[in-house]
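Here is the structure we will look at.
We did not get these values from a lab; they are worked out from the coordinates using the rules stated. If you're wondering where the values come from, they're calculated on a predicted model, not measured in any experiment. Positions of Cβ are generated from backbone atoms using ideal geometry, with glycine treated the same way; all protein chains shown enter the neighbour counts.
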Amino acid sequence: MRLPHTRTSRRRVVGVLTASLLALGTAVPSAAAARDQARQQPERTATSALPGGLALTPPMGFNNWNSTHCGPEFDESMVKGIADLFVAKGLKAAGYQYVNLDDCWALPARDADDKLVPDPVRFPHGIGAVADYVHAKGLKLGLYTSAGTKTCSSTGFPGALGHEYSDARQFAEWGIDYLKYDNCNNQGVDARQRYTTMRDALKEATAATGRPIVYSICEWGDNKPWEWAAGLGQLWRTTHDIQDKWSSMLAILKQNLPLAPYAGPGHWNDPDMLEVGNGGMTDTEYRTHFSMWSVMAAPLLIGTDLRKASPATLGVLTNADVIAVDQDPLGKQGTVVSSADGRWVVAKQMKDGSRAVALFNETNTPQRIATTAHAVGLPDADGYTLRDLWQHRNYNTAGTVAATVPAHGTVLVRISTDRRWSANPPAAELSADAPPAVAGRPAALTSTVTDLGRTAAQHLSVSLTGPEGWQVSARSATYVRTLRAGGAHNTRWTVTAPPGTPTGTYGLTLTASYRSATGVRASGTLTVPASVVVAPPSGTSSLGDLPWMSATNGYGPVERNTSNGESAAGDGRPITIGGVVYAKGLGTHAPSEIAYYTGKACTKVTADVGVDDEKGAKGTVSFEIWADGTKAASTGVLTNAMPAQRVTADVTGAQVVRLVVTNGGDNTDSDHGDWADAQLTC
């Protein structure tokens, strides 16, 4: 779970570091607490691990925190309703089994016997009765507490520090199958000691009750638990809390990817729960989220309220082909094959010898991403079977795996040395580039279909359609009888957006239909983003006043002529760098990118850049100006202590200019980057 915090800080309050376990309070401890404290001797850290056989594949289930926090809707009725939906909506059949309760299930104080007490309003029949209900559905129940004196909620419910053995026995007697053990209010006690003590307590409780409990170490990665926790629990958090936004998911993904050597059956890296369906990301971004968590062999814990889940959300969460990648019994976490310029290839070895391959596009524009069977670890073969795990279709390939991947998207495939590869139609790669266009003016576009297979594509037909009212006409052939293996077919098009079309990005649909030599039909589609823009004005203009093509921002929207306020538009302050106030400019929060259409008519961008004063001593950023695909100017890392730096970029001949702010190579805490007095000369 996450602590209450501002969006400018991701650090958690972990208690008074100078306190010791013996100074947890002044009250005389109960007999149960005294027994627990007596058991916590250093020699217990050398005891054996938890019983084997647990979490041999990454746990799959649900946790309420991301959707409810401590809200009133978190109660017995909700938990039972989630269990019902697991069965009714096919989630149980898809492999989900844990229904996990997060913080706020207990009363704020223990009873006279030092026992935890379920909140009678939220759980009037107690936790044991909820466990019985969940078990009757063929599912399992999880619970939460913290390795500290209090949990992470602002209310501060009782934590387990000093009560590990009695709490573990209580959990087992209730029928708990999964324990999430958080890190708040830990009183400065060594993390390894605290998590080892609970491991031993769970082991003892299991021996006494026969109830095995999966142990989830939620230490946030602060002490590199991947290096020591495999002998303690079945999974450990590698990062701080995820948020329902692209920048958060991306940062966590990058933190977890390098940790592949530490994952395997019964010991998993945990990059936190899924945000799929909570509304802060696009459908494309949620498919990336689910794809990359699966290729990383991460626990799949649903974080959305399933009672409100859309068919699209359920479709992502129950994709059997993608889940099979996550749940592969070999237990390998995917590793990075390449990642140049935000074009990621991540490959995961599967037990049957195949490879799951994620082509992941981190950038804000469509990108061609490609690899080969050899590069992902497969031996040479005459041909390969390639299965698209979101389209659920099989193709053959000569060895190339390639696709035009949408911005923030992921193409997930499984490739194998299948002797029956020739029974499948050839894989076809579709690509197209639509330059920005002014409404009412014809724009040229060229599409390409490339046969990646060992066999020819027969009777290839290509079509391109636009939104209602758009005119699309082919200027060259849209049909070819035979496209040989390895060959490419180009079609030239003219596309015109209706006069008066508002600026923005619109989707054109490119479709290719064909047959294999044996008559098997195949098709592919590609959404081609087409930007409708306003021609740049002549002279020198303030970029804070000009319309942009697109803008992405780490927190909140990009602000015009104010600093970044992190939430809604218009909540910023006057742009201020080094005590100097600027009337014009752009306020951002890293990572940020703003694209302007310049139509080869502009020559120069200038700005005073730096970290806004509103964040005090915090914040590290760097600034880049791109002219089409060329970096035209950049700064080093700038801090809040530095005055504004003047940056000038020659953008002569560029169709599009992009202003980029990065986090300076560390995290994104307080990274308020200002483009003060930013001007474009055309």
Taking 0.36 nm per residue of sequence separation and subtracting the Cα-Cα distance, how much length would be gained by fully extending the chain between Asn490 and Ala324, in nm to one decimal? 56.1 nm
If I model a spin label at Asp382 and Ser538 as a point 7 Å from the Cα along the Cα→Cβ vector, what separation in nanometres do I get? 6.7 nm
For the range 96-213, the convex hull over Cα atoms projects on average to an area in nm² of 7.3 nm²
Please report Thr385, Thr365, Thr518, Thr288 as a ranked list, fewest other C-beta atoms within 10 angstrom at the top and most at the bottom. Thr518, Thr365, Thr385, Thr288
Under 23 Å from the Cα of Lys604, which lysines turn up, not counting those fewer than eight places away in the same chain? Lys584, Lys631
On each of the three principal axes of the Cα atoms of the range 64-121, give max minus min coordinate, whole Å, ordered largest first. 43, 22, 17
Relative exposure of Ser473, Ser563, judged by other C-beta atoms within 10 Å (fewest first): Ser473, Ser563
The answer for the per residue Cα convex hull volume of the range 540-681, in Å³, is 88 Å³
Reach of Lys137 by Cα under 29 Å, taken over lysines that are not fewer than 8 positions away in the same chain: Lys80, Lys89, Lys92, Lys115, Lys180, Lys203, Lys308
Taking a straight Cα-to-Cα line shorter than 21 Å from Lys254, and setting aside same-chain lysines fewer than 8 residues away, one finds Lys224, Lys245, Lys332, Lys348
Can you give the longest stretch of the chain with no exposed loop site, where a site means GluC sites (Glu not before Pro) in a DSSP loop (not H, G, I, E or B) with at most 15 other C-beta atoms within 10 Å? 74-467
Longest principal axis of the chain (C-alpha) makes with the long axis of helix 126-136 (C-alpha) an angle, in degrees to the nearest 10, of 60 degrees
How big is the chain along each principal axis, measuring the range of its Cα positions in Å and listing the largest first? 85, 71, 41
If the chain between Ser154 and Ala569 were fully extended at 0.36 nm per residue, the gain over the current Cα-Cα distance would be 146.6 nm
Enumerate cysteines in the chain without a disulfide-compatible partner, where compatibility requires another Cys Cβ under 4.7 angstrom. Cys218
Let me check I've understood the local charge: for Leu330, count other residues with C-beta under 13 angstrom from its C-beta, Lys and Arg +1, Asp and Glu -1. What total comes out? +1
Using Cβ contacts closer than 10 Å as the measure, can you line up Thr630, Thr238 from fewest to most? Thr630, Thr238
From the Cα gyration tensor of the range 475-568, with a ≥ b ≥ c the square roots of its eigenvalues, which class applies: rounded if a/c is under 1.5, or else prolate if a/b is larger than b/c, or else oblate? prolate
For the range 263-356, report the % of Cα-Cα distances exceeding 17 Å. 51 percent
With label points built 7 Å along Cα→Cβ from the Cα atoms of Arg307 and Asp352, find their separation and express it in nm. 3.9 nm
Scale the Cα Rg of the range 625-682 by the rule-of-thumb value 2.2 N^0.38 Å and send over the ratio, two decimals. 1.22
